[in-house]
């Protein structure tokens, strides 16, 4: 036989084996996992570096000064659902006569109430007590150095207003 008459080489397609299929799938899954992991990390970094705007705030009517005597407190519920205890401490006719504190205990989220006879806010869930300015006096809130969040107040034409976050309907 002559070398010239040898059979030409034919490219035979290689059949994919189970091993190559599993290697390809595992590489794809690993790539997807890395992409999702780093994407989530990048999103969290973005939220940290560029925080969203705070909730819009607005002044809301609370009460007429004539109907609000010294030592009295009322619970005000804002448009976004926050509950605020507003107490009148003095009768000078200024916004500083009042204090508006969140009525939600920062420890477990229980409802606090004003005790005029003890001159304090009290949380019955764990015997937490706060002074008239919202600073913790006893219980777990004192141990954690927590205070009641405060809301700004304003008096205009004999009416008391509070600045609270509001939510848009649309």
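The values are calculated or read from the model by the stated rules, or taken from the named source; none is laboratory data. As the structure is a prediction and not an experimental result, all values here were calculated from the model. When we count neighbours, we look across all protein chains shown, and the Cβ atoms used for this are built from the backbone with ideal geometry, even at glycine.
Quick notes on this structure:
- Filter result for the condition that a residue is modelled with pLDDT under 85, outside the structural domain of residue 125 (by TED's automatic domain parsing) and either more than 30 Å from residue 119 (Cβ to Cβ) or more than 39 Å from the chain's Cα centre (by Cα) (or both), over 30, 1: 1
- Neighbours by Cβ (under 8 Å, 6+ apart or cross-chain): first from the range 140-154, loosely packed, with under 13 Cβ neighbours inside 10 Å; second assigned to a loop (DSSP other than H, G, I, E, B): 144/106; 144/107
- Scanning the range 20-59 for residues that are surrounded by 10 or more Cβ atoms within 10 Å (Cβ to Cβ) and either touching a helix residue (DSSP H, G or I) at 6+ places or on another chain (Cβ under 6 Å) or not in a helix (DSSP H, G or I) (or both) yields 55, 56, 57, 58, 59.
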